[in-house]
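Participant: Encoded as structure tokens, here's the structure I'll be asking about.
Please treat every number below as a calculation from the coordinates, not as lab data. These figures come from a predicted structure and were not determined experimentally. All Cβ positions, even for glycine, are placed from backbone atoms using ideal geometry, and neighbour counts span all protein chains on display.
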2 protein chains.
Amino acid sequence: MNQHDQRLGRHIPDPVRAQNRKAIVDCLRRRGAAARIELSEQIGISPATVTIITSELLEDGVIREEPAAPDRNEAARGRPRTRLELNPDAGYAVGIKISMHQAAVSLTDLSGDILGAETIPVRANRDAPEWIADICVQQVQKIIADSAIDPALVLGVGIGIPGYVEYPSGLVRWAPVFSERDVPFKEIVEQRSGFRTFIDNDANMTALAEKWFGVGRTFPTVLVVTVEHGVGMGLVVNEKLYRGAHGFGAEFGHTKIVVGGALCRCGQRGCIEAYASDYAIAREANILGPSVDTDDPIALQNRMRQLIRQADDGDEAVISIFERAGTMLGTGIANLVDILDPPVVVLSGARAQSARAFFSSLRDAMEANSLLGADQTVDLRIDSGGDEVWARGAAALVLEETLI
Amino acid sequence: MNQHDQRLGRHIPDPVRAQNRKAIVDCLRRRGAAARIELSEQIGISPATVTIITSELLEDGVIREEPAAPDRNEAARGRPRTRLELNPDAGYAVGIKISMHQAAVSLTDLSGDILGAETIPVRANRDAPEWIADICVQQVQKIIADSAIDPALVLGVGIGIPGYVEYPSGLVRWAPVFSERDVPFKEIVEQRSGFRTFIDNDANMTALAEKWFGVGRTFPTVLVVTVEHGVGMGLVVNEKLYRGAHGFGAEFGHTKIVVGGALCRCGQRGCIEAYASDYAIAREANILGPSVDTDDPIALQNRMRQLIRQADDGDEAVISIFERAGTMLGTGIANLVDILDPPVVVLSGARAQSARAFFSSLRDAMEANSLLGADQTVDLRIDSGGDEVWARGAAALVLEETLI
């Protein structure tokens, strides 16, 4: 147990106490700030228990008293209640997101605010995992030094990787960013950085970002669909990330939408990814020319930017490519809505910025494939926040793993 | 509050007490029987709290002391511990399952054992819901009278219906068994029977049956796929039936497996149901002749029996029909496994009895569409228990709604 663990009061708690701690942290996450009596009412535990548990959490530095704000209405009603909130300075989180063409490294406080971020170009599926880890850890050290925070306050490193990541072992079973299977990337980064490291599927990390800092503060269940080089999903059910029985849960990109359909880079046919991901769109566009190597992540990025512009400028052939991709993804999301009936769907990842034709076809397909029509409208939100979502996701992953 | 409600100690409990009650009932459901000290260890609440809560549950009649059984080993270790178990005689549940061609009415005790059952032929989509309710309620009264139980001990009626059932209102938004939309079937049955009535999607009810009396006693998460006239699914996540945000959750039959594919009776194209359900199989077989009316539920049942026999006897054309249905359903289940990564999948409903070619194609397609191959093998179980599953599902629904 290191010094920082002691400050956070890390020890084996009894289950009811742990449950109460979790309930209070969850309630403050959702509400932002709340008085003790509100916590008692919301959670249904006695005011005395709330007082004991919040004292512990205050002592541990996990929560703090809300900085006083002049509020005339409150003052008029008498002595203002002290409100509690999660303490953004309880520690810091390092985030690493590995994509096909870059690694994004970030440092956030525990409210998800970014203190520093760097993007390093990599050719992930050609560089060795150890090499990628080395250059990421160098950047981590640089960002921590630049931001002048105490490295002892870094609670951990959260890593997001597209593909099948075994949880909690951190073994990357299969991912397009690595040329090998079964890469123990958690271990590799942990050894090099010296920080506790947590690794998860990148879409899961996005879902955690929504849970802690986004729509998950309003809705207990959130479905996130990510589109970029691949297509992924993350699912929070009743405030909890859904991981499945073997830690492979919430995979979406390789579900089949056309049995025997287009060839996917996974080797199977008819996967959603084979229609809606960047490489699938570029593959179709190669017929129009000029042809690009869809395996070259940087060429692919540039091509996507160009194609989006062409579609938005009215090029009918390119529009039809985005329409097809949108229709396939919209149908796939309609399937997820059938299966999961979520209160909200968030579309995230690089392709939350795409051609107008993509989004209109996507919405049309979602509506056309809903059995109940207008009764089953889904609140679809486009999160075009870019790389920030990964930094917030890393912070959320570290919060989940270390704070509660 | 009626007399029976009083016997069961129904009143507004404080949340922690309710949580402890639920934890103890859940633990006894999973383990079958357990001593108080085992409950304390398993759930992580103090022995004193276990003693208080189990006293209440004993007084309420929800649990009982396990009938003494001579056990030499136990006796040899000293004074035997009294073990507690759920009390199967705490009350009774009436079940009604509406299919296209029949209504199955049952009476069970709370361990899911069937005291009486009747099947009434109906032509569900041609008969008015009120008429179906009338003949079901007549049967319910007859079964209760025949079994000589005290009607005051009937805790409720559980009804399973294929289609979109709004929960907990019991409004049937859309179902193939009714020719109208928005049928308030819960109200209709409640008025006629005088019993508290609970209504749910039939596949949800099967999932509850698995939770209370089947594989759900071993696995906290269970995926049930039902195939008969339609294709459905039910999902238990962490001991809790997953209903989705609008109560429409866990729909499977109308997810798309071939965009723009075969026409489904819902009016859309490419639904799994349009390939794997009874009517889809019969529709293909009509090309071989003799043609049957796939809208006629009884003709369809007979035709299915005949086709299964023909396939198992080696008729290549009929085998190819079952192979296609199995491939489509297996691919659809592989999609669910990708999305949900369940520890176990149960195939239930009438078509858990089908041609051998159906099951071998289904298993092949599940394996071929799994990205991780052997690492992701799914424990697929075929529950060919027939109509009993509906009776147990009704008991489980009533248990969920009244006991905890």
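Participant: Under 14 Å from the Cβ of A:E400, count the other residues' Cβ atoms, weight Lys and Arg +1, Asp and Glu -1, and hand me the total. Can you show the working numbers first?
Facilitator: Details: positive: A:R21, A:K22, A:R29, A:R196, A:K211, A:K240, A:R243, A:R392; negative: A:D26, A:D200, A:E210, A:E239, A:E401.
In short, +3.
Participant: Based solely on its DSSP helices, what 222 nm [θ] is calculated for chain A when runs of n ≥ 4 H residues each add -39,500 (n - 2.57) and the sum is averaged over all residues, nearest 500 deg cm²/dmol?
Facilitator: Theoretical 222 nm ellipticity from helices: -13500 deg cm²/dmol.
Participant: Can you tell me the mean projection area, over all orientations, of the convex hull of the stretch A:340-398's alpha carbons? Units nm², please. Mind showing how you got there, number by number?
Facilitator: Working: hull surface 19.5 nm².
Mean projected area for the stretch A:340-398: 4.9 nm², to one decimal.
Participant: Could you work out the Kirkwood radius for the stretch B:243-292, taking every pair of different alpha carbons, averaging 1/r and inverting it, reported in Å?
Facilitator: Working: mean 1/r = 0.0843 Å⁻¹.
Here the Kirkwood hydrodynamic radius works out to 11.9 Å.
Participant: Working only with C-alpha atoms, what are the Rg and Dmax values of the protein assembly as shown, expressed in angstrom?
Facilitator: Computed over the Cα atoms of the protein assembly as shown, radius of gyration and Dmax are 28.3, 86 Å.
Participant: Could you list log10 I(q)/I(0) for the stretch A:105-194 at q = 0.11, 0.20, 0.25, 0.26 Å⁻¹, which the Debye formula gives when each Cα is one point scatterer?
Facilitator: Scattering profile of the stretch A:105-194, log10 relative to I(0): -0.32, -1.02, -1.35, -1.40.
Participant: Quick one: with label points 7 Å out along Cα→Cβ, list the inter-copy distances for A:R356 in nm, shortest first?
Facilitator: Nearest first, the other copies' label points are 6.1 nm away.
Participant: Please report, for A:Q138, the nm distances (one decimal) from its label point, 7 Å out from Cα along the beta-carbon direction, to the equivalent points in the remaining copies, shortest first.
Facilitator: Label point to label point, same position, other copies: 8.5 nm.
Participant: For the stretch B:302-404, just say rounded, prolate or oblate: build the C-alpha gyration tensor, square-root its eigenvalues into a ≥ b ≥ c, call rounded for a/c under 1.5, and beyond that prolate if a/b exceeds b/c, oblate if not.
Facilitator: Values: a/c = 3.18, a/b = 1.24, b/c = 2.56.
Verdict is oblate for the stretch B:302-404.
Participant: If the viscosity is 1.567 mPa s and the temperature 4 °C, what translational diffusion coefficient in µm²/s does Stokes-Einstein give for chain A when Rh comes from Kirkwood over Cα pairs? Present the calculation step by step, with values, prior to reporting the outcome.
Facilitator: Numbers: Rh = 22.4 Å.
Approximately 58 µm²/s, per Stokes-Einstein.
Participant: Please list, in order along the stretch B:308-314, the HN-Hα scalar couplings obtained from phi with the Karplus expression 6.51 cos²θ - 1.76 cosθ + 1.60 (θ = phi - 60°), rounded to whole Hz, x for Gly and Pro.
Facilitator: Per-residue couplings from phi come out as 4, 4, 4, 5, 5, 7, x Hz.
Participant: For B:G158, which sequence-distant residues (separation of 5 or more, or a different chain) have an amide H within less than 5 Å of its own amide H, given hydrogens modelled in the peptide plane?
Facilitator: Residues meeting the criterion, in which the H sits 1.01 Å from N, are B:V94, B:G95, B:I96, B:F198.
Participant: Give the shape of the stretch A:217-386 as rounded, prolate or oblate, defined through the alpha-carbon gyration tensor: a ≥ b ≥ c are the square roots of its eigenvalues, a/c under 1.5 means rounded, and otherwise the shape is prolate if a/b is larger than b/c and oblate if not.
Facilitator: On the way: a/c = 1.74, a/b = 1.50, b/c = 1.16.
It comes out prolate by the Cα gyration axes.
Participant: Treating the beta-carbon of each Lys and Arg as +1 and of each Asp and Glu as -1, no other charges, what is the dipole magnitude of the protein assembly as shown about its Cα centre, to the nearest 20 debye?
Facilitator: Details: 82 positive and 110 negative charges, 178 e Å.
About 860 debye.
Participant: Within 14 Å, Cβ to Cβ, of B:G385, how many net charges do the neighbouring residues add up to if Lys/Arg are +1 and Asp/Glu are -1? Spell out each step's value before the answer.
Facilitator: Working: positive: B:K97, B:R351, B:R381, B:R392; negative: B:D113, B:E210, B:E228, B:D383, B:D387, B:E388.
That sum, taken over residues with Cβ under 14 Å, equals -2.
Participant: Here's a follow-up. First check a/c for the stretch A:162-285, with a ≥ b ≥ c the square roots of the eigenvalues of its C-alpha gyration tensor; if it is under 1.5, answer rounded, and if not, answer prolate when a/b is larger than b/c or oblate otherwise.
Facilitator: Numbers: a/c = 2.03, a/b = 1.23, b/c = 1.64.
Because a/c hits 1.5 or more and a/b fails to exceed b/c, the stretch A:162-285 counts as oblate.
Participant: Check the straight Cα-Cα distances from B:K186 and name the lysines below 27 Å, setting aside those fewer than 8 residues away within the same chain.
Facilitator: Cross-link targets: B:K22, B:K97, B:K142, B:K211, B:K240.
Participant: Let me ask another. Just the projected area, averaged over all directions, of the convex hull on the alpha carbon atoms of the stretch A:21-174: how many nm²? List each step's numbers first, then the result.
Facilitator: On the way: hull surface 48.5 nm².
Value for the stretch A:21-174: 12.1 nm².
Participant: Which ³J(HN,Hα) values in Hz, rounded to whole numbers, follow from the phi angles of the stretch B:20-32 under the Karplus curve 6.51 cos²θ - 1.76 cosθ + 1.60, where θ = phi - 60° and Gly and Pro get x?
Facilitator: In residue order, the calculated couplings are 5, 4, 4, 4, 5, 4, 4, 5, 5, 4, 6, 8, x Hz.
Participant: Which listed residue (A:I382, B:L371, B:A355) has the Cα farthest towards the positive end of the charge dipole for the protein assembly as shown, taking +1 on Lys and Arg C-beta and -1 on Asp and Glu C-beta about the Cα centre?
Facilitator: Going by the Cα projections, it comes out as A:I382.
Participant: Using the Karplus curve 6.51 cos²θ - 1.76 cosθ + 1.60 with θ = phi - 60°, what ³J(HN,Hα) values do you get for each residue of the stretch A:287-297, in whole Hz, with x for Gly and Pro?
Facilitator: Running phi through 6.51 cos²θ - 1.76 cosθ + 1.60 with θ = phi - 60° gives 5, 6, x, x, 6, 10, 7, 5, 7, 8, x Hz.
Participant: Here's something else I'd like to know. Sorted from shortest, what are the nm distances separating the label point of B:P47 from equivalent points in the other copies, each placed 7 Å from Cα along Cα to C-beta?
Facilitator: 3.5
Participant: Let me check I've understood the local charge: for B:A104, count other residues with C-beta under 13 angstrom from its C-beta, Lys and Arg +1, Asp and Glu -1. What total comes out? Intermediate values should be presented prior to the final figure.
Facilitator: Working: positive: B:K97, B:R392; negative: B:E118, B:D202, B:E228, B:D387, B:E388.
Here the charged neighbours net out to -3.
Participant: If you don't mind, there's one more thing I want to ask. What is the spin-label model distance, in nm, from A:D295 to B:N302 if the labels are put 7 Å beyond Cα along the C-beta direction?
Facilitator: It is 6.1 nm.
Participant: What size of dipole, in debye to the nearest 20, comes out for the stretch A:35-186 about its Cα centre when the only charges are +1 on Lys and Arg C-beta atoms and -1 on Asp and Glu C-beta atoms?
Facilitator: On the way: 14 positive and 22 negative charges, 72 e Å.
Here the size comes out at about 340 debye.
Participant: I would also like to ask the following. State, as an integer percentage, the relative contact order of chain A based on alpha-carbon contacts under 8 Å between residues 6 or more apart. Each step should come with its number before you reach the end.
Facilitator: Numbers: 779 pairs, mean separation 62.0, N = 404.
15 percent.
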